[in-house]
Amino acid sequence: MNLPSEREETLELLVDAARRFAREVLLPAEEIVEETNEIPAHVVRGMRDLGLFGMTIPEKYGGLGLSMYEEARVVMEICYAQPAFRSYFGTTNGVGTLGIINYGSEEQKGKYLPQLASGEMMASFALTEPDAGSDAASLSTRATREGDGFVINGTKRFITNAIHAGVFTVFARTAPRDAGANGISAFLVERGTQGLTVAKPYRKMGFAGSHESDVIFEDVRVPASAMLGPEGTGFKNAMKSLDHARLHMAAVATGLCQRLLDEGLRYATERKQFGQAIAKFQLIQALLADSQADAYAARAMVERAARDKDAGKSITKEAACCKYFATEAAGRIADRMLQIHGGNGYIKEYAIERLYRDVRLLRIYEGTSQILQLVTAREMLREVA
Ligand code: COS
């Protein structure tokens, strides 16, 4: 028998702590978040204490330095609770920070990563624009060289955690439009820089507690040292971060699959009709069994792709497949579990009503299902070309 390594034992302790945090702290706070649209301070403190803000940040900079597999395991536990909790720390250890880890200079890493890892500072990823969503490379925010720095002008849309962020990774054109994706560069822009405005968050269908706003750049001056990575590498930086984030998001969906299943299973065993628990009826069992198969497949895919990433393999196709499958699976399960609840699933007294609205977003953000199908097919065709 193989004995677990010290690292595996530490992971299991962390996964166990994340499971307890989700069930003992996050679940009881769900209703409060729904009512107030804010993540309570005691929850944020708990996230900091668990090190969630710095999960992906190397230990050298104060983070936990988790591998992709380890990160996925922790995220699946946290996302047993509604997904907005994860959003609160998700940009800081995800898209808002991955670019700094992958492309940052030693000076940039030293300046930002320790504060981000501790949760003292939060980060946001500013890629999407009003007219550049799925077609991210068509963005029109511009960074014009002036003196020894750049002047940024443009508007970014749906920027998660913009109202909390201390630093934004901003993608802007530094070359004429005909340079396409290779004319885009990334910049680190700090909150409080003159000309940077964060608008009031959008009102949404679900995901209470997670805030998405427009961020407007009007003649925002940054020094040349704010550029992240070499000029013209911004788009690749964004795509590399998104590969990671899509796998992370598949883990989010996988955690939710389990929660949704448990909500449906509990209801089906408690609710009695025709003189017995509805779980005894085979048509209800079919809904449960199809959902279990979906949840099991999602978990297996995510764990496998995460191991592949840790082994140094390119996971562009795998991350797209995983996010596509796991988020669609969560959508299917949410629909079936709501159906099991009948009329009770449509009223706010039951968690399934809220979770159903929350999971709808997963198929849209960080790459719509259709973009993920496109990425998957493109990679397949590239492999046989
Ligand atoms: N990793 C590294 N580099 C990548 C990459 C990846 N995963 N994907 C693309 N690139 C590189 C390409 O190799 C290409 O570089 P070269 O010109 O040097 O070969 C460059 O980036 C442009 O790539 P491509 O031509 O594929 O860009 P397209 O505009 O055709 O399409 C898609 C890119 C559609 C995949 C991209 O725009 C996308 O992912 N859109 C969705 C955006 C999104 O998820 N938004 C969510 C909100 S952000 S949280």
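The 3J(HN,Hα) values that the Karplus relation (6.51, -1.76, 1.60; θ = phi - 60°) gives for the range 64-70 are, in residue order, 8, x, 6, 6, 4, 5, 5 Hz. Gly and Pro appear as x. Of the beta bridges in the chain, as assigned by DSSP with both residues counted there, near 85 percent are antiparallel.
The amide H of ARG157, built 1.01 Å from its N in the peptide plane, has THR128, GLU129, VAL215 as neighbours under 5 Å, considering only residues 5 or more places off or on other chains. SER118 contributes an accessible area of around 50 Å² to the protein surface, as traced by a 1.4 Å probe with all chains present.
Rounded to whole Å, the principal axis extents of the Cα atoms in the chain read 80, 51, 46, largest first.
Taking the dipole about the Cα centre of the chain, with the C-beta of Lys and Arg at +1 and of Asp and Glu at -1, give me whichever of GLY154, ALA311, VAL375 is farthest to the positive side. Positive-end residue among those listed: VAL375. Put simply, the amide H of SER105, placed in the peptide plane, has neighbours under 5 Å in GLY229, leaving out anything fewer than 5 places away on its chain.
With contacts taken as Cα pairs under 8 Å at a separation of at least 6 residues, the chain carries a relative contact order of 15 percent. Relative to the longest principal axis of the Cα atoms of the chain, helix 369-384 runs at roughly 70 degrees.
Partners of LYS348 within straight-line reach, counting lysines whose Cα lies under 18 Å from its Cα and excluding those fewer than 8 residues away in the same chain: LYS204. Couplings for the range 316-331, taken from phi via the Karplus curve 6.51 cos²θ - 1.76 cosθ + 1.60 with θ = phi - 60°, read 4, 5, 5, 5, 5, 4, 5, 5, 4, 5, 5, 6, 5, 4, 4, x Hz in order; Gly and Pro are left as x.
By DSSP, the beta bridges lying fully in the range 127-196 are antiparallel in about 95 percent of cases. Measuring spread by the Cα atoms of the range 123-237 yields a radius of gyration and Dmax of 13.5, 45 Å. Extension gain for THR36-GLN285 works out to 86.0 nm (0.36 nm per residue, less the C-alpha to C-alpha distance).
Can you tell me how the range 80-174 classifies by the Cα gyration tensor, rounded, prolate or oblate, using a/c under 1.5 as the rounded cut? Judged from the Cα gyration tensor, the range 80-174 comes out oblate (a/c at least 1.5, b/c at or above a/b).
Amide H contacts for MET121 (H built 1.01 Å from N in the peptide plane; partners 5 or more residues away or on another chain; cut-off under 5 Å): LEU116. Converting phi to 3J(HN,Hα) with the Karplus coefficients 6.51, -1.76 and 1.60 and the offset θ = phi - 60°, the range 196-208 yields 9, 10, 9, 7, 4, x, 5, 8, 10, 6, x, 6, 4 Hz in sequence order, with x at every glycine or proline.
When a/c is below 1.5 the answer is rounded, else prolate if a/b is larger than b/c, else oblate, so apply that to the range 177-223 with a ≥ b ≥ c taken from the square roots of the Cα gyration tensor eigenvalues.
Judged from the Cα gyration tensor, the range 177-223 comes out oblate (a/c at least 1.5, b/c at or above a/b).
Think of each Lys and Arg Cβ as +1 and each Asp and Glu Cβ as -1; about the Cα centre, that makes the dipole of the chain roughly 620 debye. If I build a Gaussian network model for the chain, linking alpha-carbon pairs within less than 10 angstrom, which residue out of GLU38, GLU318, GLU303 has the largest mean-square fluctuation? Result: GLU38 has the largest fluctuation of those listed.
Determine the shape class of the range 242-384: with a ≥ b ≥ c the square roots of the Cα gyration tensor eigenvalues, call it rounded for a/c under 1.5, and otherwise prolate if a/b is greater than b/c, oblate otherwise. Prolate shape, in that a/c is at least 1.5 and a/b is the bigger ratio. For the range 213-361, the residue among ALA330, ALA295, ASN237 whose Cα projects farthest onto the positive side of the dipole built from Cβ charges is ALA295. For the range 1-125, the Cβ-based charge dipole about the Cα centre amounts to some 280 debye (Lys, Arg positive; Asp, Glu negative; other atoms uncharged). Projection of the Cα convex hull of the range 1-83, averaged over all directions and equal to a quarter of that hull's surface, yields 6.2 nm².
The values are calculated or read from the model by the stated rules, or taken from the named source; none is laboratory data. Worth saying up front: this structure is predicted, and the values here are computed from it rather than measured. Cβ coordinates were reconstructed from backbone atoms using ideal geometry, including for glycine residues, and neighbour counts include every protein chain displayed. For accessibility, only protein heavy atoms count, side chains too; no ligands or nucleic acids. Shrake-Rupley method; radii C 1.70, N 1.55, O 1.52, S 1.80 Å.
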